[in-house]
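The values are calculated or read from the model by the stated rules, or taken from the named source; none is laboratory data. Note that this is a predicted model, so its numbers are computed, not measured. We place every Cβ from the backbone using ideal geometry, glycine too, and count neighbours over all the protein chains shown.
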Amino acid sequence: MDDFVGKDELLRRLHHGYKEFNEGIKRLSPEQMETPGVNGKWSIKEVISHFIAHEQFALTEIRYALAGKQYEPEDTDINIFNEQAVTARRNQSLEQITLAWDASFRQVVMVVEELPESAFESFGEFTRVLGDTVDGALGNNTYQHYAEHLSTIMNWTSKLPRG
């Protein structure tokens, strides 16, 4: 489990990570956003599809914990999960995917804002049921995840011809 992070700090981290990712890609053209091979075989558009799936997974975990239940997902290999996430949105436009990501991110923020303070208590019932801290469940599926992929994307963009 990560160190316990309060609601305000988690919201700050979420907003900062989302803003940093968007700032990092804002100068890219739609063609660059859809170029395969930026992150493994994925385009940036596909990376964003992947973010949506991870955010929704974390929200499901939190919703279950709010109901006093531990989420037990199907035992799916993470690579299969990721590929399914990308495949599910492959035929959507870049605009549709960026709008969907914005909506998904807003859902994350709304859920965090609505969490009771008890969800952030050290060794509280919510943390026990969740099996992680709120920051632990969300961080690796949101702001830490964005930063990880942004680093790869920035490496790719540094090799683009200047024009």
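Of everything in segment 12-32 that is out of contact with any helix residue (DSSP H, G or I) (no Cβ under 6 Å at 6 or more places or on another chain) and within 16 Å of GLN144 (Cα to Cα), the residue that is surrounded by the fewest Cβ atoms within 10 Å (Cβ to Cβ) is GLU23. For HIS149, are the conditions met, namely being touching a residue at least 24 places away in the same chain (Cβ under 8 Å), closer than 25 Å to ASP8 by Cβ, in contact with a helix residue (DSSP H, G or I) (Cβ under 9 Å, 6 or more places away or on another chain) and not basic (Lys, Arg)? Taking the combined requirement at face value, the residue does not satisfy it. Give the residue, chosen from ALA58, ALA137, that is out of contact with any Pro (no Cβ under 9 Å at 6 or more places or on another chain), more than 23 Å from GLN32 (Cβ to Cβ), at pLDDT 95 or above and crowded, with 19+ Cβ neighbours inside 10 Å. None of the others qualify; the one that does is ALA58.
Tell me, yes or no, whether segment 72-91 has at least one residue that is of a type outside the set (Gly, Ala, Ser), touching a His at 6+ places or on another chain (Cβ under 8 Å), within 20 Å of LEU138 (Cα to Cα) and touching a residue at least 60 places away in the same chain (Cβ under 8 Å). Looking through segment 72-91, none of the residues is of a type outside the set (Gly, Ala, Ser), touching a His at 6+ places or on another chain (Cβ under 8 Å), within 20 Å of LEU138 (Cα to Cα) and touching a residue at least 60 places away in the same chain (Cβ under 8 Å). State whether the residues of segment 53-62 include one that is under 30 Å from LYS159 (Cα atoms) and in a loop (DSSP other than H, G, I, E, B). So far as segment 53-62 goes, no, none of its residues is under 30 Å from LYS159 (Cα atoms) and in a loop (DSSP other than H, G, I, E, B). When segment 3-56 is filtered for residues that are more than 14 Å from TYR143 (Cα to Cα) and of a type in the set (Asp, Glu), the ones remaining, listed by number, are ASP3, ASP8, GLU31, GLU34, GLU46. Could we say that ARG90 is among the basic types (Lys, Arg), within 30 Å of SER29 (Cβ to Cβ) and either surrounded by 19 or more Cβ atoms within 10 Å (Cβ to Cβ) or out of contact with any helix residue (DSSP H, G or I) (no Cβ under 8 Å at 6 or more places or on another chain) (or both) here? So ARG90 fails the test.
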